[in-house]
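Accompanying notes for the structure given below.
The values are calculated or read from the model by the stated rules, or taken from the named source; none is laboratory data. Quantities reported herein were computed from a predicted structural model and do not represent experimental measurements. Methodologically, a virtual Cβ is constructed for each residue, glycine included, from the backbone with ideal geometry; neighbour enumeration extends over all protein chains shown. For the accessible areas, the whole protein counts, side chains as well, though only heavy atoms, and no ligand, DNA or RNA atoms are used. Shrake-Rupley method; radii C 1.70, N 1.55, O 1.52, S 1.80 Å.
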Amino acid sequence: MTKILVDGTEVDVPADYTLLQACEIAGAEIPRFCFHERLSIAGNCRMCLVELKGAPKPVASCAYAVKDCRPGPNGEPPEVLTRSGLTKKAREGVMEFLLINHPLDCPICDQGGHCDLQDQAMAYGVDSTRYHENKRAVEEKYIGPLVRTAMNRCIHCTRCVRFLAEVAGVPDLGAIGRGEDMEITSYLEQAMGSELQGNVADLCPVGALVHKPQSYNVRPWELHKTESVDVMDAVGSAIRVDARGREVMQIEPRVSEEINEEWISDKTRHVVDGLRLQRLDRPFLRENGRLRPASWGEAFSAIAAKLKGADPKRVGALVGDLAGAEEIFALKALMVALGVTNLDCRQTGEAIDPAWGRAAYTFGPTIPGIEAADAILLVGTNPRTEASLLNVRIRKRWRMAPLAVGLILDEQPDLTYPYTYLGAGPDTLGALAKGEHSFLDILRQAERPLIIVGEGALGSLGAAAALAKDIGAVTAEWNGLGVLHTAAARVGALDLGFVPGEGGLTFSQMLEPGALDVVFNLGADERAIPPGAFVIYQGTHGDAGASRADVILPGAAYTEKSATYVNLEGRVQMTNRAGFPPGDAREDWAILRALSDVLGQRLAYDSLGALRKAMYAAHPHLAAVGAVEASDAVATLDTLAALPAGSEKAAFSSPVADFYLTNPIARASRVLAECSGLARGRALEAAE
């Protein structure tokens with residue numbers, strides 16, 4: 001530790017800290033534009049200038065290390081002044097320089113109300129300028145459907161360029177020209193291709209880059225803000241839902257060091273219009289082959305009439321990808337009361353049994369734990385499309401110190417970091433386990449090897465576990481076997497045991513023609529239910545599940561209810577209501593509670609609090625919001641390694657064919673549909 005004086009306050013800081021970090025520890029506020037804690041240091045805006053005693057001129061505190069400071073003439077600690085006359089004059093000069101070419105757009109600028117330049121000009125600038133020439137003009141650029149440019153405002157902080165190059169791992173933006181002719185551009189004015197591109201508008205401190213879908217729609221002071229979690233994938237990113245009245249206007253990231261740091265994917269951010277389009281806002285009944293609006297009483301009566309004489313063995317219940325733990329718990333309780341054992345949540349057909357242990361279906365090392373791995377094997381997964389923020393962690397680990405990454409998949413995608421392509425399917429995994437590939441030696445020599453198994457390879461989970469056992473990937477100190485799910489509801493449903501009971505049918509078996517007479521579908525839209533069965537669909541959007549339904553019960557989306565989700569790590573999280581469901585739609589657990597009355601199997605809770613009390617009594621770990629319950633990974637590994645080898649020989653393929661259209665809410669979004677079309681066009685160009 002090194003002693004340093006900041007405005008007369010002595011602090012001890014590590015020698016490799018910058019002066020800016022030291023000043024913040026001492027409680028001094030340092031303005032900045034180009035500096036960002038998660039990006040490399042550029043040192044080009046000069047707003048963070050401070051006076052360093054003994055230095056001939058003010059120094060950029062973001063780029064000056066504490067270890068480079070000289071002590072005083074008698075060995076006194078280095079002294080930094082953040083409020084001296086010299087510092088004040090330097091900051092005023094920098095602000096005047098930055099505003100030379102900045103247009104007077106504040107009244108009509110989308111950044112107004114949360115603009116760093118506006119705030120710092122008020123705090124550190126002056127009220128006049130000595131510059132009376134014409135301001136420079138920059139031609140606007142098309143960089144895609146998600147980010148709008150106003151490059152006259154750009155101050156060349158290069159945050160956007162550094163984010164895309166370092167965090168997202170794509171060369172979508174760069175700088176051309178020099179001096180006042182410098183411009184940030186996509187070179188050929190092509191649309192950016194990153195699935196994280198929306199974050200550049202968050203990073204921009206001046207409104208040169210803003211979110212195009214929300215342009216001119218809203219001001220920050222009009223919104224009420226609700227902290228929540230994302231359900232577009234299984235990562236469970238921390239988000240903030242901003243609503244105006246009943247309508248969600250935008251979704252922004254929240255800081256969560258354990259999960260998404262402060263980034264979110266474009267699907268998470270721009271699914272907003274999908275929350276209000278194609279919504280189910282009233283019950284429907286199918287009569288003479290057509291759906292007609294109905295009352296709740298009519299819908300419940302039709303369901304009761306169909307279930308009254310039905311054989312419980314011919315009744316099944318399915319759970320989709322966006323369901324919260326509360327409605328899954330209530331649906332299971334109702335089905336068990338009716339004697340139904342045909343229950344399943346495994347929509348992609350993965351063979352996972354919760355009886356094997358929780359470590360069999362969770363991401364064992366946790367997302368922050370990726371940074372401790374020193375060799376990674378990806379089996380049947382493309383993490384860039386299946387879990388974008390988890391892929392960001394892998395890239396972050398690779399940037400910390402390059403490590404070996406192996407991939408077994410039927411394609412060779414751009415993961416934004418180099419990897420060794422090993423092969424396509426179970427045969428490759430078997431050959432690797434036998435030592436027929438040199439990558440096995442890399443895994444064995446690693447202190448903390450990590451094997452990530454995607455949903456596309458869960459049929460070979462036993463073989464992956466055997467390999468993990470052979471290389472010592474799972475010990476008491478390190479769990480190097482992780483399952484990468486793509487659905488937000490999957491881990492929670494498996495925790496609740498929503499799988500076939502004794503003699504029950506699996507998801508795929510229930511979808512065979514003639515297998516069931518009645519199907520209760522809780523938001524499962526990804527697989528088609530064959531003709532013949534009476535289908536009760538409870539969900540939010542007019543997607544595939546609703547079009548096949550005989551009775552539709554309109555539910556609440558994740559922004560319209562307080563619900564519990566468990567992310568791929570097994571971390572318990574909770575959404576908060578930011579608005580109310582449209583029309584006659586209701587929260588899902590309340591619909592099931594009302595239906596249970598009509599069916600004569602009344603559920604024993606009349607409020608969300610009572611339901612959660614019952615759920616926590618049956619599954620105590622769900623009460624620990626924000627925590628990951630410890631599991632016996634070593635014992636589970638032995639169970640998995642002993643599983644019989646699967647007969648499946650097909651190549652491993654990612655379950656996510658289109659990153660932008662993976663669930664009913666996303667498929668209702670016009671913005672994400674445009675992104676999907678551009679992505680398909682880029683794929684076709686690459687194939688040619």
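Structure values in brief
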item: Cut-off 13 Å (backbone N to label point 7 Å along Cα→Cβ of residue 219), residues of the range 100-129; result: 106-114
item: At R0 = 41 Å, FRET efficiency that the Cβ-Cβ distance of residue 687 and residue 509 yields, to 0.05; result: 0.65
item: Cα gyration tensor shape of the range 579-680, rounded if a/c is under 1.5, else prolate or oblate by comparing a/b with b/c; result: oblate
item: Mean-position separation - Cα centroids, the range 210-270 and the range 654-668, in angstrom; result: 19 Å
item: Leading residue at positive end of dipole, the chain (Cβ point charges), from 671, 366, 217; result: 217
item: Sorted peptide list for 65-75, 313-323, 529-539, 280-290, criterion being average Cβ within 10 angstrom, highest first; result: 313-323, 529-539, 280-290, 65-75
item: The range 1-42, dipole about Cα centre (Lys/Arg Cβ +1, Asp/Glu Cβ -1), debye to the nearest 20; result: 160 debye
item: Farthest toward positive dipole pole in the chain [+1 Lys/Arg, -1 Asp/Glu at C-beta], among 634, 39, 555; result: 555
item: Accessible area of the chain belonging to carbon and sulfur atoms, whole % at 1.4 Å probe; result: 51 percent
item: Spacing of the two label points (7 Å from each Cα toward its C-beta) at residue 76 and residue 135, in nm; result: 4.4 nm
item: Contour excess over end-to-end distance, with Cα ends at residue 606 and residue 638 and 0.36 nm allotted per residue; result: 7.2 nm
item: Those aspartates and glutamates that a straight Cα-Cα span of less than 14 Å connects to residue 308, excepting residues fewer than 8 apart in one chain; result: 517, 597
item: Relative contact order computed over the range 128-200 (Cα-Cα under 8 Å; 6+ residues apart), in percent; result: 32 percent
item: Ellipticity estimate at 222 nm from DSSP helix runs (n ≥ 4, -39,500 (n - 2.57)) divided over the chain, nearest 500; result: -7500 deg cm²/dmol
item: Gyration tensor verdict on the range 626-668 (Cα atoms; rounded if a/c is under 1.5, prolate if a/b is larger than b/c, oblate otherwise); result: oblate
item: Global geometry of the range 105-246, whether rounded, prolate or oblate, following the gyration tensor of its Cα atoms and the 1.5 cut on a/c; result: oblate
item: Summed residue charge, Cβ within 10 Å of residue 274's Cβ, Lys/Arg positive, Asp/Glu negative; result: +4
item: By average C-beta atoms within 10 angstrom, highest first, the peptides 587-593, 501-507; result: 587-593, 501-507
item: Sorted peptide list for 549-560, 328-339, criterion being average Cβ within 10 angstrom, highest first; result: 549-560, 328-339
item: Potential lengthening between residue 308 and residue 15 on full extension [0.36 nm per residue; Cα-Cα distance subtracted]; result: 98.0 nm
item: Net charge dipole size for the range 1-130 [Lys, Arg +1 and Asp, Glu -1 on Cβ; Debye, nearest 20]; result: 460 debye
item: Dipole of the chain, positive direction: furthest Cα of 532, 81, 259, with charges on the beta-carbon; result: 532
item: Residue-span extension gain [residue 67 to residue 190] - 0.36 nm each, minus C-alpha spacing; result: 39.9 nm
